[in-house]
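> Okay, handing you the structure first.
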Amino acid sequence: MDYSYNNLNNIYQHVLKLGMLSPPEDVIACWLLFDTLPEINKFLELGSYIGGGLAIFNEALHETGHVNVEFTGVDHLDFIGAKTTGQGATWYSDHFNRCLSQNEIESLTKLSGTLGMSTWIQDRCERLTNKKLQLSCVRTEDEVTSANFDIIHHDYGDGVEDNLATIRKSLLKLSSNGVYIVDDWCTGAPFRTWATVLAQQEGLLYPIMWGKNKVFFAKSQDVAQDIVKKICANSKYNSKLFKPMPGSNYFGPGYMTIRMHWQAIQWA
Ligand SMILES: C[S@@+](CC[C@H](N)C(=O)[O-])C[C@H]1O[C@@H](n2cnc3c(N)ncnc32)[C@H](O)[C@@H]1O
């Protein structure tokens, strides 16, 4: 699968089929980041859901030379019992009907634990992408015992305080050179966005790149600026589609961040 901006429409179809809840432009921004980072061995996804995101990340990582990544997925799995509790049941049924086969829906409703969920996601990912996925799932972020993640993708949380707590806790598990990706920024989770602003003011997050719904941060200024320079120097960096963000010196003299020009990706 070509994850470059040359293949936006196919990436979009692939994302829909896999059931990832992200626009394809953000997947392209991730692909550019993965291609830029020299080593990615460990990836934590906060909100692994049915694994659509994991499958896409795993495939984009393979495409960029990171073939042995260990994934940890956190999800309380309430969506499995949503039909009985009624919580979000219609939303989940509609989404399952869009991307899962009847067999997949049936097997999903029978899962009870995180081991079953890991196996279900791994099987589906390998079947649909033909790429091996190494995954272990847990229900809460407090159960993540491993550390030194190279990438953390933060994809749950509604309020300011819960998101700030997740950011503070999870940053302890991010390697010093790692990248912290926050999803639903600008759209979908306004208070998660607010939490990242407060975290930046606390000196916890330093912006690297602004995607469509995903924003990419490091946990130190030096690392953020080093990654920005490396992304810009990457031969796959297309300066019509990714541009320096005016006003970035708000974060310090000479500070630079990258804006993804997602409208231009759609026209390209
Ligand atoms: C938006 S979905 C994740 C989508 C997925 N990352 C993707 O890209 O396709 C959020 C998931 O987080 C889970 N979730 C929400 N709050 C949680 C919490 N506090 N702890 C663990 N899981 C949670 C939900 O069950 C849901 O599956």
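The values are calculated or read from the model by the stated rules, or taken from the named source; none is laboratory data. Only a predicted model underlies this, so the values are computations on that prediction, with no experimental measurement involved. We place every Cβ from the backbone using ideal geometry, glycine too, and count neighbours over all the protein chains shown.
> Could you list, in sequence order, the residues of segment 24-48 that are touching a residue at least 40 places away in the same chain (Cβ under 8 Å) and either within 11 Å of the ligand (Cβ to nearest atom) or among the small types (Gly, Ala, Ser) (or both)?
Selection gives 26, 29, 30, 45, 46, 47, 48.
> From the residues in segment 202-249 that are of a type in the set (Asp, Glu) and in a helix (DSSP H, G or I), which one is farthest from the chain's Cα centre (by Cα)?
Here the residue is 222.
> If residue 61 meets every condition in (1) in contact with a Phe, Trp or Tyr (Cβ under 6 Å, 6 or more places away or on another chain); (2) closer than 23 Å to residue 100 by Cβ; (3) of a type outside the set (Asp, Glu) apart from one, which number is that one?
(2)
> Output the qualifying pairs, or none if there are none: Cβ atoms under 7 angstrom, residues six or more apart or on different chains, first residue in segment 249-262 and closer than 12 Å to residue 217 by Cα, second residue in a loop (DSSP other than H, G, I, E, B).
Between residues of segment 249-262 that are closer than 12 Å to residue 217 by Cα and residues that are in a loop (DSSP other than H, G, I, E, B), the close pairs are 257/245; 258/245.
> Moving on to the next point. Inside segment 178-192, can you point out the residues that are surrounded by fewer than 18 Cβ atoms within 10 Å (Cβ to Cβ) and either at positive phi or out of contact with any Lys or Arg (no Cβ under 9 Å at 6 or more places or on another chain) (or both)?
186, 188, 190, 191
> While we're here: Give me the pairs: first residue in segment 153-170 and under 18 Å from residue 49 (Cα atoms), second residue more than 10 Å from the ligand (Cβ to nearest atom) and of a type in the set (Lys, Arg), beta-carbon distance under 7 Å, and six or more apart or on different chains, which are they?
Pairs that qualify, where the first residue is under 18 Å from residue 49 (Cα atoms) and the partner is more than 10 Å from the ligand (Cβ to nearest atom) and of a type in the set (Lys, Arg), are 157/192; 163/192.
> In the list 109, 129, which residue meets the criterion of being in contact with a helix residue (DSSP H, G or I) (Cβ under 7 Å, 6 or more places away or on another chain), modelled with pLDDT of 95 or more and of a type in the set (S, T, N, Q)?
Values: 109 fails: modelled with pLDDT of 95 or more.
Going through 109, 129 in turn, just one is in contact with a helix residue (DSSP H, G or I) (Cβ under 7 Å, 6 or more places away or on another chain), modelled with pLDDT of 95 or more and of a type in the set (S, T, N, Q): 129.
> Determine whether residue 66 is surrounded by 13 or more Cβ atoms within 10 Å (Cβ to Cβ), without any contact (Cβ under 8 Å) to a residue 60 or more places away in the chain and either away from the ligand (no atom under 15 Å from the Cβ) or in a helix (DSSP H, G or I) (or both).
yes
> So, of the residues in segment 8-36 that are in a loop (DSSP other than H, G, I, E, B) and in contact with an Asp or Glu (Cβ under 9 Å, 6 or more places away or on another chain), which turns out to be surrounded by the most Cβ atoms within 10 Å (Cβ to Cβ)?
Of the residues in segment 8-36, the ones in a loop (DSSP other than H, G, I, E, B) are 19-23.
Filter once more, so that each one left must be in contact with an Asp or Glu (Cβ under 9 Å, 6 or more places away or on another chain): 21-22.
Values: 21: 16, 22: 22.
Taking the candidates together, the pick is 22.
> Now, a different point. Anything in segment 129-163 that is surrounded by fewer than 22 Cβ atoms within 10 Å (Cβ to Cβ), part of a helix (DSSP H, G or I) and within 13 Å of the ligand (Cβ to nearest atom)? List them, or say none.
141, 142, 143, 161, 162
> Quick test of your reading of the structure: residue 227 fulfils all but one of (1) buried (at least 20 other Cβ atoms within 10 Å of the Cβ); (2) without any contact (Cβ under 8 Å) to a residue 60 or more places away in the chain; (3) among the aliphatic types (A, V, I, L, M). Name the failing condition by number.
Status for residue 227: all satisfied but (2).
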